[in-house]
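What follows is calculated from the coordinates using simple rules that are stated; it is not laboratory data. The structure displayed is predicted, hence computed values, not measured ones. Every residue, glycine among them, receives a Cβ derived from its backbone with ideal geometry; neighbour counts consider all protein chains shown.
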Amino acid sequence: MLLMIPVVYLGYRLYRTFFAFLKAIFIYVVAPVFYKPNLEQYQHRWTVVSGGTDGIGKAYTMELAKRGLRKFVLIGRNPKKLESVKTEIEEKHSDAQIKTFVFDFGSGDFSHLRDYISDIDVGFVVNSVGTGRDNLERYGDNPAEDTQILKVNGLGAAEFLSCVLAPMEKSGGGQVVVLSSSQGVRPIPMLAAYCATKALMTFLCESIDREYNTINVQTLIPALVATKMTYYTEGSTFVVTPENFCHQAVGSIGLTKKTAGCLNHELQMLGFHFFPWTILKYIIMPIYYHQRKRVSQLHNAEQQQHVPLEDITGEPIISTKKVITRDSATA
């Protein structure tokens with residue numbers, strides 16, 4: 001009789017993994033053949049984007065523009081980057097209407113942002129703001145950067161949602177897409193603050209989706225994406241490009257409330273379904289230590305050759321600190 005316990009447990013794990021696999025295949029392989037998200041309903045309303053000047057946030061904005069959305073409000077702390085993205089969209093889509101609003105999600109006064117958004121007909125929201133630091137560190141070893149992560153990724157991202165929900169509901173509802181992370185699924189040592197903020201956003205989004213009848217909220221929990229934050233410049237077996245990721249992620253709107261965003265990452269997430277966390281945590285930690293070693297080598301090469309990291313990696317590295325994470329939301 002006791003032997004049945006591990007057999008039943010293994011069967012349960014296989015059952016979870018199998019149906020997660022079927023769901024991934026349906027959403028990212030089968031559904032695209034006959035299904036397209038209904039984005040036309042948002043064409044004449046404003047799409048508000050936080051963190052849309054780099055990485056996934058920028059690629060997601062470009063994908064929405066490619067699919068017909070033309071009215072964007074871009075919110076970020078770097079005026080030059082905001083203007084650059086605005087110009088890029090306008091050059092590709094001459095009929096686009098772009099507004100920009102300079103705002104720091106770590107230290108800004110949210111009452112100003114709330115007032116700015118309050119009179120806008122908000123139909124679509126992309127919340128991809130985030131920040132971090134260079135190295136894997138214990139919580140408390142670098143309190144200033146821990147605090148910044150908690151402010152921007154946690155309170156800042158959450159407060160931004162609070163700002164857009166009321167005007168969106170007043171205008172008849174809409175679609176919200178929030179960039180969380182696979183690191184918010186389980187606690188990861190050396191990334192305590194980052195994981196905590198991503199878990200916060202995942203739970204917050206699921207609650208908001210149930211609270212507002214006219215607002216649909218989708219949470220994205222990606223793994224590795226090739227961006228400045230992860231120091232990858234191209235896709236590979238486990239790393240996807242922002243453009244590929246966002247093309248698949250946008251296509252999943254209306255099919256699922258929470259997803260890794262692309263087939264590659266959904267297949268990687270099968271490990272969370274099959275392995276118990278007591279085992280899986282020992283399997284995935286070497287990935288993070290490898291990433292820390294890899295970035296350390298890049299920094300050493302920069303110091304020895306006196307070559308900026310942008311020349312080594314093929315793209316510019318922002319001077320503000322960034323977390324080595326498995327997704328790429330940037331402030």
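Observations
- By the combined test of axial Cα extent (at least 24 Å) and Kyte-Doolittle hydropathy (mean at least -0.5), the qualifying DSSP H helices of the chain come to 4-25, 192-211.
- Among the trypsin sites (Lys or Arg not before Pro) found in the stretch 77-167, those both in a DSSP coil and sparsely packed, with 13 or fewer other Cβ atoms within 10 Å of their Cβ, are 138.
- Order by protection proxy (mean Cβ within 10 Å, highest first), peptides 259-266, 115-122, 47-54: 47-54, 259-266, 115-122
- Förster radius 25 Å - calculated FRET efficiency between residue 4 and residue 277 (Cβ-Cβ, nearest 0.05): 0.60
- Annotation: amide H-H contacts under 5 Å for residue 100 (H modelled 1.01 Å from N, sequence separation of 5 or more, or interchain): 74.
- Under 5 Å, built H, 5+ apart or other chain: amide partners of residue 177: 125, 126, 127, 218
- Each Cα pair under 8 Å and six or more residues apart adds its sequence gap; the mean of these over the residue count of the chain is a relative contact order of 23 percent.
- In the chain, helices alone account for a calculated mean residue ellipticity at 222 nm of -14500 deg cm²/dmol, with every DSSP H run of four or more residues adding -39,500 (n - 2.57).
- Gyration tensor (alpha-carbon) shape descriptor, the stretch 36-275, a/c threshold 1.5: rounded
- Using a Förster distance of 30 Å, the FRET efficiency for residue 116-residue 256 (Cβ separation, nearest 0.05): 0.45
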